[in-house]
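The values are calculated or read from the model by the stated rules, or taken from the named source; none is laboratory data. Computed from a predicted structure; not experimentally measured. In this analysis, Cβ positions are derived from the backbone assuming ideal geometry, glycine residues included, and neighbour counts consider all displayed protein chains. The area values use the complete protein model at the heavy-atom level, side chains included, leaving out ligands, DNA and RNA. Shrake-Rupley method; radii C 1.70, N 1.55, O 1.52, S 1.80 Å.
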Amino acid sequence: MTNLVGQALARVDGRDKVCGRAPYAAEVEVAGMVHAVLLTSTIAGGRIEQIDTRAAQAEPGVLAVITARNAMPLPDKGRAAIQPPTGRARSLLQDDSVSYNGEPIAIVVADTLERAAAAARLLRVRYAEDPQAVVAFERAKASPYDPGQILGKPSDTRRGNIAEGMREAVQVHEAVYTTPIEHHHPMEPHATIAQWDAAGERLTVHDATQAISGSRETLAKTFGIAPDHVVVLCPFVGGGFGCKGSSWSHVALAAMAARHVGRPVKLVLDRTQMFGPVGHRPHTEQTLIVGAGADGRFTALHHGVVSETSVMEDWTEPSALVSRMLYACANQSTTHRLARMNIAVPTFTRAPGEASGSFALECAVDELAARLGIDPLDLRLRNHADKDPESGLPFSSKSLRECYRVGAERFGWQRRPLQAGTLRDGPWRVGMGMATATYPTNRSAAEARVRMMADGTALVQCGSQDLGTGTLTVMAQVAADALGMPLSRVRFELGDSRMPKAPVSGGSQTAASVSPAVQAACMAMRAKLVDLARTDPQSSLRGRPADELALADGWVRPAGAESGGESVNALIGRLQGAPLEASAQSAPGDEKKRFSMHAFGAVFAEVRVDEALGIVRVPRIVGVYGVGNRLNEKTAHSQLMGGIVWGVGMALFEETWRDARNGRYVNASLAEYHVPVNADIGGIDVQFVPEDDPHVNPLGVKGIGEIGITGVAAAVANAVYHATGRRVRDLPITLDKLI
Ligand code: MOS
């Protein structure tokens, strides 16, 4: 085999992307296409008494105004597909109820986008408001409820005896930490183009999605049609981060509009609507109790989470999962409770649970370290979990100690004074903080197919998605290695639901799920090529036993030989166009029953806090990770770096404000919802420690899409404390909290 896997290759689609040749969902030109604009509610709860559509309908170019009055009735009132992760509770104009501010209530379709938008402004809506609608978290949390489970896991866990553990402790730290509402803001907004066939039976959509298979299934169930009557296309995604992991209202609404007007319809959410019916990271309130003995060993650990959810659906931000497995502690409990509100349905946001939960846990550990007078890194080492404390299983691999060691060395942690508030540089107070990063290692079944083309190139296909992470590139590398062919002769394609099935690109599982399927399909093709070389009557290798032949550099040769044999080109050429195909499925076995599988890392941050103004700067971050093998050193580095940048955003900037009177988001724009810009980011040093994990999957890769954000907000908050002696437990750490 050649050795492309692991190399720091540039993206195969990089040139197309920078030249504008990579078509994103909204950029596809479909003949006869018209444009839809979504209108959303302006009250938090109640009923629509009337929508006066007359003025809008009279506008030039307007083809339809669709409301609950005239929308096509859907099977089961549109509730046939509400299974997360991909199918969710949606608003499909099946009744006149309003459950939150910003909920879809009408669609206007016109021949141009401008005309649709102008007409949409002419709709007059009369509501009957429900005075009982709950939009204040403080009120909702007064009657919290137990969701019972979180995506198949128990909402609560308990081991040992917390009260006993507290009695054993010499120091107990208890505090409440909060994380705000955060919204995903991929560069590419949600967008769908929907088109029905003439009979109105088959649906094709160009959809910006993390799950073409999930989008297909959701649409099929929503309309009550066979899954193979739905085709979902998505060759490129301009960022996902969880919001595109589910098929939200606008996707089915675009299809409903297309059926209504009998034309292909494009529906693109505007930036403000990205703060709407497409999910968000819910506000959390997290209570941490951590006790330790004089030796620093944790004797008790409690992590209780209350997060907001929608009246439409239970969705839990699983923030306490991280506390179940990160540290060795015999006495432990975790709880998740929901506060039901008249708000949009929350959803997966990069490292759902681990991002918000690691902020609370890793700040609490830092606070306890300060009380104990123990170095925070040392305290973590003293509580290192050698096996999974929740399941008792061994870790398939765990390089956390090495991450701590390498990170501390690169960062210069030994220069950190134990006492907070002692470092200064002119007007700046300087601080150093650290935290642990972790994310589960997931894998699902996937299938792939290889076809040898007449020109001797290989076409490899899998119905996966590339969110911008580099899937197209790394899978081409995996395929080329497995086929023994140069990268230039291998084409990898994804993003078409007619291709072999792959799972949702969520839970950081794409590389771990798709690469084994691609590899297996290519190995099957390899065997077919070798077989061809020994059975083709014109082959010089005819009759040779298969185990004496090898495939490398596009040639089948006697094993060990550097020349001679048959080129793949010649073998394919002699087939005279007859197809040569191989496919394979690859699925996890029972390894999750035998091992606990997680990626780990250590994040170190230096901050500067302006003493008078409270401004926080983050001049440098060191992140060191043990994530198994990397398929591509360059794209892997980018994933971690991007995660860290978002972590800085989470620490210092990101926060959506909801008006406590009417549930409307008041900073629903990128001018007022702040994400880091280049000037906000200092040096980011991403390192990987070698980690060989034969258990996670055949290529030994752990997901890297999400771990990068985890731990960062805590490392920054801990550094701010170290700089100033001020502990901020409510994200984001804005200057008003420091002056
Ligand atoms: Mo990720 S939040 O699981 O798309």
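Would you work out the relative contact order for region 444-587, in percent, from Cα pairs under 8 angstrom that are 6 or more residues apart?
Once normalised by length, the contact order is 34 percent.
Amide H to amide H, which residues 5 or more places from Y327 or on other chains are under 5 Å from it, using H placed in the peptide plane?
none
Could you give each residue of region 654-662 its phi-based ³J(HN,Hα) in whole Hz, using Karplus coefficients 6.51, -1.76, 1.60 with θ = phi - 60°, and x for Gly or Pro?
6, 5, 9, 9, 10, 5, 6, 8, 9
Taking θ = phi - 60°, what integer Hz values does the Karplus form 6.51 cos²θ - 1.76 cosθ + 1.60 yield along region 139-147, in sequence order, with x for Gly and Pro?
Going residue by residue, I get 6, 5, 6, 5, 10, x, 9, 8, x Hz, with x marking Gly and Pro.
Once neighbouring chains are kept in place and the probe is 1.4 Å, which whole percent of the accessible area of region 444-587 is contributed by carbon and sulfur?
So the carbon and sulfur contribution to the accessible surface is 48 percent.
Could you go through region 586-601 in sequence order and give the Karplus-derived ³J(HN,Hα) for each residue, using 6.51 cos²θ - 1.76 cosθ + 1.60 with θ = phi - 60°, rounded to whole Hz, and x for Gly and Pro?
Couplings: 9, 9, x, x, 9, 4, 5, 7, 9, 9, 8, 10, 9, 9, 9, x Hz.
About the Cα centre of the chain, how large is the charge dipole given +1 on each Lys and Arg Cβ and -1 on each Asp and Glu Cβ? Please answer in debye to the nearest 20.
180 debye
From the square roots a ≥ b ≥ c of the eigenvalues of the alpha-carbon gyration tensor of the chain, which class results: rounded (a/c under 1.5), prolate (a/b over b/c), or oblate?
oblate
Can you give me the % of accessible surface on region 301-401 that is carbon or sulfur? Probe 1.4 Å, all protein chains present, nothing else counted.
Percent of accessible area from carbon and sulfur atoms in region 301-401: 49.
With +1 on the Cβ of every Lys and Arg and -1 on the Cβ of every Asp and Glu, and nothing else charged, how large is the dipole of region 444-587 about its Cα centre, in debye rounded to the nearest 20?
240 debye
Quick one: give the max-minus-min coordinate of the C-alpha atoms of region 444-587 along each principal axis, largest first, in Å.
48, 29, 25
Calculate the tail of P(r) for region 1-111: the fraction of all Cα-Cα distances greater than 18 Å, expressed in %.
Percent of Cα pairs beyond 18 Å in region 1-111: 68.
Can you tell me the mean projection area, over all orientations, of the convex hull of region 57-146's alpha carbons? Units nm², please.
Result: a mean projected hull area of 8.5 nm².
Per residue, how large is the accessible surface of the chain? Use a 1.4 angstrom probe and give square angstrom.
Here the residues of the chain average 37 Å² of exposed surface.
Please give the contour-minus-distance gain from D553 to R47: 0.36 nm per residue of separation, less the Cα-Cα distance, rounded to one decimal in nm.
The span from D553 to R47 would gain 175.5 nm if fully extended.
Translational D (Stokes-Einstein, µm²/s) of region 279-376 at 37 °C and 0.692 mPa s when Rh comes from the Kirkwood sum over C-alpha pairs?
Calculated translational D: 233 µm²/s.
Between region 642-688 and region 302-376, what's the alpha-carbon centroid distance in Å?
19 Å
For region 180-241 and region 467-538, compute the distance between their C-alpha centroids and round to whole Å.
Measuring centre to centre over Cα atoms gives 24 Å.
Give the longest segment of the chain that steers clear of trypsin sites (Lys or Arg not before Pro) in DSSP loops with at most 14 neighbouring Cβ atoms within 10 Å, not counting the sites themselves.
272-497
Report the one residue of V322, H384, V490 whose Cα lies farthest in the direction of the positive end of the charge dipole of the chain (charges on C-beta: Lys and Arg +1, Asp and Glu -1; origin at the Cα centre).
After comparing all options, I get V490.
With the dipole of the chain worked out from charges on the C-beta (+1 for Lys and Arg, -1 for Asp and Glu) around the Cα centre, which of G649, I82, V618 lies farthest toward the positive end?
Comparing the listed Cα positions along the dipole, I82 ranks first.
Quick one: which residues, 5 or more positions from G6 or on another chain, have an amide H under 5 Å from its amide H? H modelled 1.01 Å from N in the peptide plane, none for Pro or chain starts.
N632, E633
Using amide H atoms built 1.01 Å from N in the peptide plane, name the residues 5+ places from G484, or on other chains, whose amide H lies under 5 Å from its own.
Hits under the 5 Å cutoff: T2.
When the helix-only estimate is applied to the chain (DSSP H runs of n ≥ 4, each -39,500 (n - 2.57), divided by the residue count), what is the mean residue ellipticity at 222 nm, nearest 500 deg cm²/dmol?
-7000 deg cm²/dmol
If you average 1/r across every pair of different Cα atoms in region 94-150 and take the reciprocal, what Kirkwood value do you get, in Å?
15.1 Å
Relative to the Cα centre, what is the charge dipole magnitude of region 421-516, using +1 at the beta carbon of each Lys and Arg, -1 at the beta carbon of each Asp and Glu, and rounding to the nearest 20 debye?
It works out to roughly 140 debye.
Identify the GluC sites (Glu not before Pro) of region 132-223 meeting these criteria: DSSP loop state and at most 11 other C-beta atoms within 10 Å of the C-beta.
Within region 132-223, the qualifying GluC sites (Glu not before Pro) (loop, at most 11 other Cβ atoms within 10 Å) are E201.
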